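To start, the structure under review is shown below, and the notes come after it.
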Amino acid sequence: MLKLKQQTFWKIIVSCLLSITIYSNITIGDTSVTPSIEATIDLEFNQLNNTLVSMVKDSNNLRKDGPKIFKVIVDWLQQNHKKRLNDWKNAADKDHANSQFFLGIYSLIIKNDKKAADEWLTKSAQNGNAWSQLGIGLRRSSRLRKGLTEEGFQLIYKSAQQGNILAQYIVSIFFATGKGTKQDMDTAKKWLKKSANQGFKAAQRLVNKPDLKPRDFYMSPR
């Protein structure tokens, strides 16, 4: 039984990414991938997402509930990676973004191989996976002491444009605080509203706050 260790920032991000993925647009990728394999992978992905989305919807504090969500991910990977790993690899080699995403989190959580995780999630992001775009954007820009990079912002912004509610919330913070982009409270409120309309509680707590200020985004629990 895999013991849960102290969560790194990257693992917390992975838990957040998987937590809300029902709203993401996932690129299918190369049509030469065997349709039955691809369809099965996508079905499993959505089944996992449905479970995790339900947990997040019931959460009042994503940071506090993160370990429970993370354990669901660990348990799911333990139960499935041995029988699904070859299919993930075969589809991922043909640019199936969902499979590349699965290989990324497998490499990170099961193998503890951050280099391989970064490589697979980068490929997944390049193929249009919104969660990989968000994760890689945060990872590259937030070796946190260095602050947000332009590359990191653009990846996260692409994720938000695809409808990722966590990315939309994060982009609202960036615009509100001027991190990685020009400060613009009107644009920040636009993205905050998009996230709130999809049910993200942290965004909902802020969206109707009168006289919203940049510091409110820092103070709001995630």
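None of the figures in this text is laboratory data; all of them are computed from the coordinates on show. Keep in mind the model is a prediction, meaning the values are calculated, not measured. For neighbour counting, all protein chains shown are included, and Cβ atoms are generated from backbone atoms with ideal geometry for every residue, glycine included.
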Taking the number of other C-beta atoms within 10 Å as the exposure measure, put Ile156, Ile136 in order starting with the fewest.
Ile136, Ile156
For an R0 of 41 angstrom, estimate the FRET efficiency from the Cβ-Cβ distance between Asp65 and Asp93 and round to the nearest 0.05.
0.70
In whole Å, what is the distance between the alpha-carbon centres of the range 149-210 and the range 64-92?
28 Å
Between Ala116 and Arg215, what length comes free when the chain is fully extended (0.36 nm per residue of separation minus the Cα-Cα distance, one decimal in nm)?
32.0 nm
Which of Trp131, Trp76 comes first, and how do the rest follow, when ranked by fewest Cβ neighbours within 10 Å?
Trp76, Trp131
In nanometres, what is the gap between the two model label sites at Lys83 and Ala39, each 7 Å from Cα along Cα-to-Cβ?
1.9 nm
Label-point separation, Gln161 to Asn50 (7 Å along Cα→Cβ), nm
3.1 nm
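Using the structure shown, list the pairs from Lys189/Lys209; Lys71/Lys189; Lys68/Lys189; Lys123/Lys158 with a Cα-Cα distance above 22 Å, or answer none.
Violating the 22 Å Cα-Cα cut-off are Lys71/Lys189; Lys68/Lys189.
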Based on other C-beta atoms within 10 Å, arrange His81, His96 from fewest to most.
His81, His96
